[in-house]
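Novice: Pasting a structure below so you can have a look.
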Amino acid sequence: MLKIERRYRRLVFLTWFLTLDLIMFGAFVRLTDSGLGCPDWPGCYGQLSPVGAATDIRAAFEAMPHGPVSFTKAWIEMVHRYIGALLGMLIIGISWMAWRHRQVLGHSPALAIATLVAVCLQGAFGAWTVTMKLMPLIVTTHLLGGLLLLAMMTWLAAREKRHAAVLPQEARWRPWAVGGLLVLFVQAALGGWVSTNYAALACMDFPTCHGSWLPPMDLASGFSLLRALGELPSGEVISQDALTGIHWVHRNFAFFVFVWLGILAVKLRNSAALGGPARLILALLGAQFLTGLTTIFFEWPLAVAVLHNGGAAGLVLACTTLCARLFHVSKQGVPHDDPQPAIAKSAAAIPRLDEAPGNATGRVLCRDRHVPGHSGAA
């Protein structure tokens with residue numbers, strides 16, 4: 001039983017780490033314009049790797065030296081696909097274990113199976129990203145799908161990580177945490193829209209934009225969804241005012257996100273159970289502010305742009321962990337380094353009939369998913 005739990009936990013954490021890495025690498029693919037390095041899917045010119053497609057890649061590069069196809073871009077794109085395929089196989093393994101050993105693990109397999117569905121959809125959007133020639137709506141949805149997949153994997157990992165007990169009075173922060181995660185996804189969508197429309201440098205000054213708090217903008221054109229990259233629905237080239245509107249909305253909504261998450265993190269930073277993710281949120285908010293400014297003033301350096309995308313993923317990770325702990329899905333009340341098996345700890349922690357009913361430790365540990373007769377909160 002403990003061996004199965006240990007294997008499942010290791011598989012979940014490995015997959016969670018690979019998901020975060022894949023999101024960072026996906027940002028690298030997008031920011032190096034490598035999304036069409038292999039303009040078909042799932043292979044590269046019908047081959048398993050750029051090695052077999054060397055003749056086609058060379059011909060495409062010679063025909064258009066500054067185009068989307070080169071050997072470097074082809075390898076970047078294919079490595080991203082290889083990692084995605086590995087991630088899919090690992091999630092299949094998680095789903096199988098969650099279903100096969102659901103009694104031992106004490107969790108419903110529903111979340112693991114939903115994660116498998118999500119990674120399959122991600123694969124589909126990855127294919128459409130290529131076949132639809134980097135259509136902004138498809139690319140942005142693909143980005144959001146990656147962050148959603150990270151949130152689901154983080155929730156799965158949070159169920160396996162022990163932490164201090166959440167105090168009853170801290171439960172009132174649940175709506176704030178859920179709301180913070182939602183506004184964070186809205187901001188991520190706006191950031192993805194900036195990136196996929198190449199609007200990061202539409203405003204080169206700060207805090208104003210083109211020297212004005214409210215510059216000339218064409219929001220209707222900028223946020224028209226059904227259009228090709230760099231074009232309007234009419235087929236015209238997208239205007240500078242439209243790009244300015246995209247950038248301006250993302251920049252100003254960031255202030256709202258900073259206030260919301262900042263207040264939440266400051267309030268919870270000293271909590272024994274919630275202080276870790278809260279302090280991480282504060283650190284990442286600061287990092288996002290610095291990388292955002294650096295992106296503007298240094299004209300979109302690649303490393304900083306990738307870090308800015310990674311910071312967004314880190315915020316999703318931290319906010320999801322906060323939500324998971326507030327909804328009591330983790331192993332509460334058990335030290336991280338405690339070698340005693342959780343089932344033994346839980347059994348020993350069940351209060352006897354002669355114990356005082358107000359025993360806080362007993363109440364907390366009875367929420368652990370390993371307590372006999374308890375089905376788990378998932």
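Novice: Looking only at the range 356-368, decide whether some residue is crowded, with 17+ Cβ neighbours inside 10 Å, basic (Lys, Arg), at pLDDT below 95 and touching a helix residue (DSSP H, G or I) at 6+ places or on another chain (Cβ under 8 Å).
Specialist: no
Novice: Would you check if there is a residue in the range 75-87 being in contact with a helix residue (DSSP H, G or I) (Cβ under 9 Å, 6 or more places away or on another chain) and acidic (Asp, Glu)? It would help to see each step written out before you state the result.
Specialist: Narrowing the range 75-87 to residues in contact with a helix residue (DSSP H, G or I) (Cβ under 9 Å, 6 or more places away or on another chain): 76-77, 79-81, 83-87.
From what is left, the residues that are acidic (Asp, Glu) are 77.
Within the range 75-87, one or more residues are in contact with a helix residue (DSSP H, G or I) (Cβ under 9 Å, 6 or more places away or on another chain) and acidic (Asp, Glu).
Novice: Does the range 217-234 hold any residues that are over 15 Å from Thr140 (Cβ atoms) and in contact with a Lys or Arg (Cβ under 7 Å, 6 or more places away or on another chain), and which are they?
Specialist: The answer is Pro233, and nothing else.
Novice: With touching a residue at least 12 places away in the same chain (Cβ under 8 Å) and assigned to a helix (DSSP H, G or I) as the only criterion, which of Ala287, Ala283, Ala228, Ala272 stands out?
Specialist: Checking each option against the conditions leaves just Ala287.
Novice: Regarding the range 48-55, can at least one residue be identified that is under 30 Å from the mean Cα position of the chain (by Cα), surrounded by 19 or more Cβ atoms within 10 Å (Cβ to Cβ) and not β-branched (Val, Ile, Thr)? Steps first, please.
Specialist: Kept after step one, since they are under 30 Å from the mean Cα position of the chain (by Cα), are these residues of the range 48-55: 48-50.
So of that shortlist, the ones also surrounded by 19 or more Cβ atoms within 10 Å (Cβ to Cβ) come out as 50.
The next check asks that each one be not β-branched (Val, Ile, Thr); those that pass are 50.
Yes, the range 48-55 contains at least one residue that is under 30 Å from the mean Cα position of the chain (by Cα), surrounded by 19 or more Cβ atoms within 10 Å (Cβ to Cβ) and not β-branched (Val, Ile, Thr).
Novice: Also: Which of the residues that make up the range 56-80 are surrounded by 19 or more Cβ atoms within 10 Å (Cβ to Cβ) and closer than 16 Å to Ala127 by Cα?
Specialist: Selection gives Ala74, Ile76, Glu77, Met78, His80.
Novice: Where in the range 84-173 are there helices (runs of 4 or more DSSP H), lying fully within it, with 2 or more residues that are on the phi < 0 side of the Ramachandran plot and β-branched (Val, Ile, Thr)?
Specialist: 110-131, 136-158
Novice: Please give the number of the condition Ile57 fails out of (1) over 25 Å from His142 (Cα atoms); (2) out of contact with any helix residue (DSSP H, G or I) (no Cβ under 8 Å at 6 or more places or on another chain); (3) assigned to a helix (DSSP H, G or I).
Specialist: Tallying (1) over 25 Å from His142 (Cα atoms); (2) out of contact with any helix residue (DSSP H, G or I) (no Cβ under 8 Å at 6 or more places or on another chain); (3) assigned to a helix (DSSP H, G or I), Ile57 fails exactly one: (2).
Novice: Would you check if there is a residue in the range 206-217 being surrounded by fewer than 18 Cβ atoms within 10 Å (Cβ to Cβ) and assigned to a helix (DSSP H, G or I)?
Specialist: So far as the range 206-217 goes, no, none of its residues is surrounded by fewer than 18 Cβ atoms within 10 Å (Cβ to Cβ) and assigned to a helix (DSSP H, G or I).
Novice: Pick out the one residue from Leu149, Leu121 that is aliphatic (A, V, I, L, M) and buried (at least 19 other Cβ atoms within 10 Å of the Cβ).
Specialist: Details: Leu121 fails: buried (at least 19 other Cβ atoms within 10 Å of the Cβ).
Selected residue: Leu149, the only one of Leu149, Leu121 that is aliphatic (A, V, I, L, M) and buried (at least 19 other Cβ atoms within 10 Å of the Cβ).
The values are calculated or read from the model by the stated rules, or taken from the named source; none is laboratory data. Since we're looking at a predicted model, the values are computed, not measured. Glycine gets a Cβ as well: all are built from the backbone with ideal geometry, and neighbour counts include every protein chain shown.
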